[in-house]
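Visitor: My questions all concern the structure below.
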Amino acid sequence: MAAITSDVEVEVRRPRRAVVVGVLIVVWVAAYFVLRGIDTLVLGGQETTAPHRWLTDHRDDIGQGNVFFDAIRVAVDHFVVLLQNLVAQPAYDRPVPVIGWLGVVAISAYCAWAFGNWKVAVLTAAGLGFVGLQGLWQESMDTLALTIGAVLLSLVVAIPLGIWAGLSDRAFKVATLVLDLMQTLPTFVYLAPLTLFFAIGPAAATIATLIYAAPPAVRLTAHAIRSVPPESVEASRSLGSTRGQTLVKVLLPMSRSTVVVGINQTIMAALSMVTVAALIDAPGLGQTVLKALQTLDVGVAFNAGLAIVVLAIVLDRVTTAAGDRPWRTASLRRKVLLGAGGLGVLVAVWFSRTYVWAAEFPSDVTVGSRIAVIATDVTNWVQDVFGGFTYGVRDVVTVALLNPLEALLTGSPWWLVSTVVVALAAVLGGWRGAAPAAVCLVLLVATGVWHDSMVTLASTLLATVVVVVVGLTLGVWAGRNHRVDTWIRPVLDAGQTMPPFVYLVPFLALFGTSRFTAIAAAVVFAVPVTTKIVADGIRAVPVATVEAANSVGSSSWQVISKVQLPVARRAITLAVNQGLIYVLSMVVVGGLVGAGALGYDVAAGFAQSELYGKGLAAGLAIVLLGVMLDRVTQAAARRTQDFPTRGDKR
Amino acid sequence: MKRLRYAGVLTAVALALAGCGGEKVGSQEQPAGGKECGSFNLTVSPWVGYEANAAVVAYVATKDLGCKVVKKNLKEEIAWQGFATGEVDVNLENWGHEDLKKKYIETDKVAVAAGSTGVKGVIGWYVPPWMAEKYPDITDWKNLNKYAGLFKTSESGGKGQLLDGDPSYVTNDEALVKNLNLNYKVVQSGSETALIQAFRDAEKNKKPLLAYFYEPQWFFNEIKLVKVNLPAYKAGCDADPAKVACDYPPYDLDKIVSKKFADSGSPAYDLVKNFQWTNEDQNAVARMIAVDKLTPDQAAEKWVKDNQSKVDTWLGK
């Protein structure tokens, strides 16, 4: 009964909203033809507004020679250099680091085994061995040292903050706002100011990585603490525990596995910052990628990118296994084995400190150059075969979709665009959508980069549509078919961690320098996360529901469209939302391949001191676009979810 | 499980046996670190020509003076900030940047100019060689409007496309297009990588392309781009950025060092000050790095071997 009433409800409600949206858009297009060219707030490439210039003029007032920031810098610097000396750089008058490759592999594998299981230990050893064989041992260890440093420092800050946000509602609200900002702010935007505070080098790079990587740990810690059943807390209280005891004895142990997921996400985020942080002299694989780009050496860039992917997969699997492992349940036999293994590790470390072959990774067998050659050949082949065709695709999409959309957004007066967007947000998401949209639009005008924001918005919307279509298709396929999922997952992992800089060159060859190239790059980056979330959602649909549909003779298509997609709606909303955020976070990279607009403004602000203020404003505009789209889609999703529930109650 | 333990013991024994035959860490003679020179921080800007400068200076400073050279890979303008904080001591190739010179040398007094590198910088608009051959008159700016239709792309909105490069480049292109009444639109490629890829594609597939570029550049060893002549540069014709209607000035690339380094009395400062070579020298080293895939150190070693007399003058021998 419930299902039938809700169907009726949806049929009555949905067309009405669709009609309103349709009418709004028709009115907008009609108004565009009358009003185009008026109040479009265009700002030329080298032009700036008064607030931009004010920001530029005041950049030096903070930072330079500040004792507080200097102290932080020196402390972080020492910490990272210590880690580097340990595994990556020649240290203490020795031509090799404190621990050579054999020692590092032994320690890592042992830790993987002790915290996880023997499978991930083998994976760890194999992964590190592969990276060494690529001829990138030292670079990888520099990257690893920086990543570990940033992650440890992140956790020192993030876990207490997460606990606080988990216990206090007010702290939770503030934290959510700040974390949203931290995650959508393009990394380029705060790289330049950071160098003012913390100079250039490993310290600034570590802090930049920390800012980018900490939010997931805070969020998931807070989420974990909030998910602990209230009964457990009450039980603990009624037994006379103090707040501190409840936290240590009940809340933390019960939320441990979720916290580990947060740590895992933090590690992934830190690794994906590696190439960007190389712009302010972060050591490691990022340098190799950037250097290779200067000479358009796709092969070498790919080789280094692959090493990052391998490190990411190893760290991901180890932390996942560590999260699954029950706590304090080691049997006596395991303890004995762990002890014996520990001795073995000590022997390996001693070897790596004593003998050259165990200290420096043997360089006679390198597969790195072979990988580089193959990657270059494949890229050239793809370029030669598809080159002409891809240019055609680009031109068709640009002329038929992108240009009209961009003309509508940039050609209409700013007040018309704002009115329509707020009205759309109100229809789709009620006041919860309209109010944030209105605030964001006002602030967007204030940033002085309205026109560039609209250009970026057009590309972002188009890219998001593609991401959702591709992500839904792949996600449904992977969610319904376990074998597909196993094959697709490593590819998705690679898509998320392979630095975008690596596939820029092939994309430039395929599509030329254009807005379309940027859209393509954003799609590659955003599809994995959308696919993963959709697949999880589809898999979570109860088997009984699907079988019931099958038993009445529904076709696969009917099962997907009538059962699986509607039931997984919450996951799909989240997938669309995350896809959008990921597309936005690629805007700056898009600016490096011809997308212009906000991405270019941000990059220019980073590179030219007189455009510093404008770059900051453009970065802020990206955040505002992100917050606006995020709030509107979330509000819209909440409303679509409301209808069936209301129907059920009736 | 027992088997696992035996395997562990066996591995340890095998490692011990294998290891004992190996060479011990530190048994090789380490070169004595030059105490009098100490160490200095050298910024490496992101183009191969600069890397060639850095490779050679670092090689000579290390080998002949026993200095320790710390290379910092930084964007050009970011590196200037380093003079104040002590993160950067030497910039070996500065392209103009009068505003930064004023700020860091005159106002803040944290940097000093250390003379020319001898390399001549050229900025301008270039076309791929096949175009210059097919349309010989294209190298005169007066004919650019005639060919505007050729340069149309999906990004140029019906006009001809003039492709610009990295946002850190010195450019007057938007003003030039406007003031010379050219039917072109400046499209930002956003990076040098994109620019080079565009030229490579244009020459290989005979596509039309007009773009900002500059010399010296390793890429000229691969494709000899042809410069389009804009109205000749006269001193002061670019004084007002909004009214520029002339070509870019010839650049005399120079060296900037931190005040601290200049006052330190280090022999490395004299080396940096005396360092001077030509576009051909720089291109030769850049080519070894970019095309022949030598490491910067190998490339520098090779060049220094062939040009010992030049190096001797830098060292005051």
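Visitor: Mind listing which trypsin sites (Lys or Arg not before Pro) in the stretch B:200-244 are in a DSSP loop and have 16 or fewer other Cβ atoms within 10 Å?
Guide: Sites meeting the loop and neighbour criteria: B:LYS206, B:LYS224, B:LYS234, B:LYS243.
Visitor: Rounded to the nearest 0.05, what FRET efficiency is calculated for B:VAL70 and B:GLN276 with R0 set to 25 Å and r the Cβ-Cβ distance?
Guide: 0.60
Visitor: Another question, then. Given Cα pairs under 8 Å that are at least 6 residues apart, what percent is the relative contact order of the stretch A:64-365?
Guide: After rounding, I find 29 percent.
Visitor: Using alpha carbons only, how many degrees (0 to 90, rounded to 10) separate the axis of helix B:48-65 from the longest principal axis of chain B?
Guide: 40 degrees
Visitor: Calculated FRET efficiency, A:SER257 and A:PHE386, Cβ-Cβ r, R0 51 Å, to nearest 0.05?
Guide: The pair A:SER257/A:PHE386 has a calculated efficiency of 0.70.
Visitor: What's the average, rounded to a whole number, of partner chain beta-carbon atoms within 10 Å of each residue's beta-carbon in B:191-204?
Guide: Shielding by partners across B:191-204 averages 6.
Visitor: Starting with the highest mean, order A:172-185, A:397-410 by the number of other Cβ atoms within 10 Å, averaged over the residues of each peptide.
Guide: Most protected by this proxy first, the peptides run A:397-410, A:172-185.
Visitor: Putting +1 on Lys and Arg Cβ atoms and -1 on Asp and Glu Cβ atoms, find which of A:SER453, A:VAL567, A:GLY615 reaches farthest to the positive end of the dipole of chain A.
Guide: Positive-end residue among those listed: A:VAL567.
Visitor: What translational diffusion coefficient, to the nearest whole µm²/s, does the stretch A:320-386 have by Stokes-Einstein, given a Kirkwood radius computed over alpha-carbon pairs, a temperature of 20 °C and 1.002 mPa s viscosity?
Guide: 127 µm²/s
Visitor: Okay, moving on. Based on Cβ point charges of +1 for Lys and Arg and -1 for Asp and Glu, what charge dipole magnitude is obtained for the stretch A:374-640 about its Cα centre, in debye rounded to the nearest 20?
Guide: For this selection, approximately 920 debye.
Visitor: Taking the Cα centre as origin and putting +1 on Lys and Arg beta-carbons and -1 on Asp and Glu beta-carbons, what dipole magnitude results for chain B, to the nearest 20 debye?
Guide: Computed about the Cα centre, the dipole is about 960 debye.
Visitor: Once you sort the root eigenvalues of the Cα gyration tensor of the stretch A:64-365 as a ≥ b ≥ c, which label holds: rounded (a/c under 1.5), prolate (a/b larger than b/c) or oblate (the other case)?
Guide: Verdict is oblate for the stretch A:64-365.
Visitor: To the nearest 20 debye, what charge dipole does chain A have about its Cα centre, counting +1 at the Cβ of each Lys and Arg and -1 at the Cβ of each Asp and Glu?
Guide: It comes to approximately 2380 debye.
Visitor: Please report the relative contact order for the stretch B:122-250, taking Cα pairs under 8 Å with a sequence separation of at least 6, and give it as a percent rounded to a whole number.
Guide: After rounding, I find 38 percent.
Visitor: Could you calculate the contour length gain from A:ARG638 to A:VAL23, that is, 0.36 nm times the residue separation minus the distance between their Cα atoms, to one decimal place in nm?
Guide: 219.1 nm
Visitor: For the pair B:TYR233/A:VAL248, report the inter-label distance in nm, with labels modelled 7 Å from Cα in the Cβ direction.
Guide: Roughly 7.1 nm, to one decimal.
Visitor: Residue farthest toward the positive end of the dipole of chain A, with Cβ of Lys/Arg at +1 and Asp/Glu at -1: which of A:THR184, A:VAL349, A:ALA635?
Guide: The listed residue farthest towards the positive side: A:ALA635.
Visitor: Taking a quarter of the surface of the convex hull around the Cα atoms of the protein assembly as shown, what do you get in nm²?
Guide: It is 44.9 nm².
Visitor: Next question, about the same structure. May I ask you to derive the relative contact order of chain A, considering only C-alpha pairs under 8 Å and at least 6 residues apart, and to give it as an integer percent?
Guide: 21 percent
Visitor: Where the Cα atoms of the stretch B:122-250 are projected onto their three principal axes, how long is each span, largest first, in whole Å?
Guide: 39, 31, 27
Visitor: If you wrap a convex hull around the Cα atoms of the stretch A:374-640, how much volume per residue is inside, in Å³?
Guide: Cα convex hull per residue, to the nearest whole number: 143 Å³.
Visitor: Taking N as the number of residues in the stretch A:485-611, what value does Rg over Cα atoms divided by 2.2 N^0.38 Å take?
Guide: 1.39
Visitor: Based on the Cα atoms of the stretch B:186-291, what semi-axes does the equivalent ellipsoid have, where each is the square root of 5 times one gyration tensor eigenvalue, given in whole Å with the largest first?
Guide: So the three semi-axes of the stretch B:186-291 are 32, 23, 13 Å.
Visitor: Past the 20 Å Cα-Cα mark, which pairs from A:LYS291/B:LYS259; B:LYS75/B:LYS152; B:LYS146/B:LYS227?
Guide: A:LYS291/B:LYS259; B:LYS75/B:LYS152
The numbers here are math on the coordinates, done by the rules we state, and not lab data. Source: prediction; values computed, not measured. We place every Cβ from the backbone using ideal geometry, glycine too, and count neighbours over all the protein chains shown.
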